[in-house]
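Derivation of every value follows stated rules applied to the coordinates shown; laboratory data play no part. Fair warning: this is a prediction, and the values are worked out from it, not measured in the lab. Reconstructed Cβ throughout: ideal geometry from the backbone, glycine too, with neighbour counts over all protein chains shown.
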Amino acid sequence: MKRCSISVNGIVQGVGFRPFVVINAKNNDLTGFVFNHDSGVEIEVQGEQKNIEHFLIAIKHPPPLAKITTISYDKIKPLVDEDDFKVKESVNNNGYTQLPADSAICDACLNDLFNPSTRFYHYPFVSCTHCGPRLSTTIRLPYDRDKTTFSPFKLCRDCLADYNDIKDRRYHAQTIACLQCGPKLSHKVIEIAQKIKQGEIVALKGLSGFHFVVDALNTDAIKRLRELKNRDYKPFALMALNTNSIKQHAYVNDKEKQCLSSIERPIVLLDKKQHILPELIAPGLNQLGFMLPYTPLHYLLFYYLTNNPTDNWLKEPNINILIMTSSNYTNEDMIINENHPHLTEVADTIVWHDRVITLGIDDSVIRAKNTKTILLRRGRGFTPHPI
Ligand SMILES: [Zn+2]
Ligand SMILES: [Zn+2]
């Protein structure tokens with residue numbers, strides 16, 4: 001019988017790392033524990049030497065959002081009365097760890113969002129250990145629900161069951177929430193879609209700040225947005241449902257497609273194809289900045305903007321294109337509060353939700369030509385942690 005203490009550093013909190021450790025420890029018949037502290041994750045395992053070795057190899061291949069920078073381990077004295085592997089309470093030791101950036105909705109949650117048999121059906125804030133808000137919801141470390149802005153939302157029975165079920169992908173997911181127990185939106189998504197179709201300027205509270213949203217095919221609405229925002233020429237960013245929709249308006253090569261679909265979901269600058277979209281979006285420029293939806297709310301918005309969505313609507317080219325521009329004044333911080341006066345100055349409707357954003361983060365901007373990718377603006381998805 002051997003025992004080993006292991007310290008792991010990097011982006012290892014808020015990424016499903018502890019459940020991943022528990023599953024691997026149990027698969028290898030190891031006892032011990034894992035816990036978060038504010039400079040990383042600490043593990044102790046006990047069992048046969050070869051099982052500990054297998055475990056050490058397995059944890060070097062962590063869940064998708066995790067990024068390990070260092071793993072160090074020491075042999076320690078085995079314990080006599082231990083018969084299980086447990087998640088222990090987090091410890092605050094005033095250290096330093098890295099938090100993952102906010103991540104775009106994962107494919108599994110997107111399936112839940114449009115699956116009528118789950119309780120997450122059409123719920124605008126569905127997330128799991130592999131996706132959703134992180135940086136913009138964390139108040140302090142270690143990353144636990146009571147130190148995030150999800151803490152006021154008490155888990156319902158079903159969410160609590162998932163949270164405690166090690167086989168569930170929402171095991172210890174601090175942002176777990178459903179229609180019954182989670183954050184709520186101020187308006188019905190169908191109403192927001194109608195307002196946009198009618199040419200309104202909608203201020204929309206998203207993952208890490210407010211955007212102004214306008215129908216990109218409505219010249220009058222864009223003109224009004226330019227006047228109210230006092231912005232003569234600066235190009236507006238666009239959001240389309242998928243790359244097939246973007247291809248109606250811009251050229252998209254493989255590298256650009258990969259960047260557009262990445263979990264960081266940056267704005268990608270693309271060469272303009274045809275002049276279907278109003279020139280007023282990016283006056284005098286031969287490029288357009290496109291991004292894909294990255295929150296459940298964005299997908300729901302496209303769902304309600306689409307007339308009679310087919311079974312395959314998520315993949316098919318979609319006629320709706322939205323201007324999705326940050327609501328802040330140029331060179332100022334992202335607006336995260338629904339009472340900010342600039343929102344009423346510009347928007348006809350302000351749509352907000354009751355999950356507090358701790359840190360406003362703007363969309364990132366990328367140019368991806370051939371093999372080279374240039375990050376022109378570091379923002380959401382790429383932000384190193386400031387906590
Ligand atoms: Zn997910
Ligand atoms: Zn719930």
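Some observations on this one:
- Rounded to the nearest whole Hz, the Karplus-based 3J(HN,Hα) values (6.51 cos²θ - 1.76 cosθ + 1.60, θ = phi - 60°) of region 219-228 follow the sequence 4, 4, 5, 5, 4, 5, 4, 4, 5, 5, with x at glycine and proline.
- Note, ³J(HN,Hα) from phi for region 320-335, Karplus 6.51, -1.76, 1.60, rounded to Hz, x at Gly and Pro: 6, 10, 10, 7, 9, 10, 4, 7, 6, 5, 3, 6, 10, 5, 4, 7
- Size descriptors for region 1-144: radius of gyration and Dmax over Cα atoms are 16.7, 52 Å.
- Normalised contact order of the chain, rounded percent, pairs of Cα under 8 Å and 6 or more residues apart: 18
- Subset of 229/273; 67/247; 205/257; 147/188; 197/223; 234/273 violating a 24 Å alpha-carbon distance limit: 229/273; 67/247; 205/257; 147/188
- Residues whose amide H falls under 5 Å from that of residue 328, counting only those 5 or more places apart or on a different chain, are 335, with hydrogens built in the peptide plane.
- Over 20 Å [Cα-Cα, region 94-247], rounded percent: 59
- Radius of gyration and maximum dimension Dmax of region 186-226, Cα, Å: 10.4, 28
- The chain, dipole about Cα centre (Lys/Arg Cβ +1, Asp/Glu Cβ -1), debye to the nearest 20: 680
- For residue 184, the residues 5 or more places off, or on other chains, whose built amide H falls under 5 Å of its own are 354, 355.
- Every Cα-Cα pair of the chain was included, and the share exceeding 32 Å stands at 38 percent.
- Near residue 148, the amide H atoms lying under 5 Å from its own belong to 139; only residues 5 or more places off or on other chains count, and H is placed 1.01 Å from N.
- Shape class for region 210-334, computed from the alpha carbon gyration tensor (a ≥ b ≥ c): rounded, with a/c under 1.5.
- Farthest towards the positive end of the charge dipole of region 137-206, among the residues 206, 181, 153, is the Cα of 206, using unit charges on the Cβ of Lys, Arg, Asp and Glu.
- Ellipticity estimate at 222 nm from DSSP helix runs (n ≥ 4, -39,500 (n - 2.57)) divided over the chain, nearest 500: -6000 deg cm²/dmol
- Positive-pole candidate from 242, 331, 366, dipole of the chain, charges at beta carbon: 366
- Stretch in the chain that is longest and holds no GluC sites (Glu not before Pro) that DSSP places in a loop and that have at most 12 other beta carbons within 10 Å: 90-331
- From largest to smallest, the equivalent ellipsoid semi-axes obtained for region 296-387 from the alpha-carbon gyration tensor read 26, 23, 13 Å.
- Packing-based order for 231-237, 370-376, 215-221, 304-310, using average beta carbon neighbours within 10 Å, highest first: 215-221, 231-237, 304-310, 370-376
- Gyration tensor (alpha-carbon) shape descriptor, region 206-247, a/c threshold 1.5: oblate
- Qualifying aspartates and glutamates (Cα of each under 14 Å from Cα of residue 369; at least 8 residues distant if same chain): 254, 256, 271
- Computed from phi, the 3J(HN,Hα) profile of region 54-61 under the Karplus parametrisation 6.51, -1.76, 1.60 (θ = phi - 60°) reads 4, 4, 5, 6, 4, 6, 7, 10 Hz, with x in place of Gly and Pro.
- By the rule of a second cysteine Cβ within less than 4.7 angstrom, the chain holds isolated cysteines at 4, 109, 128, 159, 178, 259.
- All C-alpha pair distances within region 98-156, sorted into 10 Å bins from zero, spread as 23, 46, 28, 3 percent across the bins.
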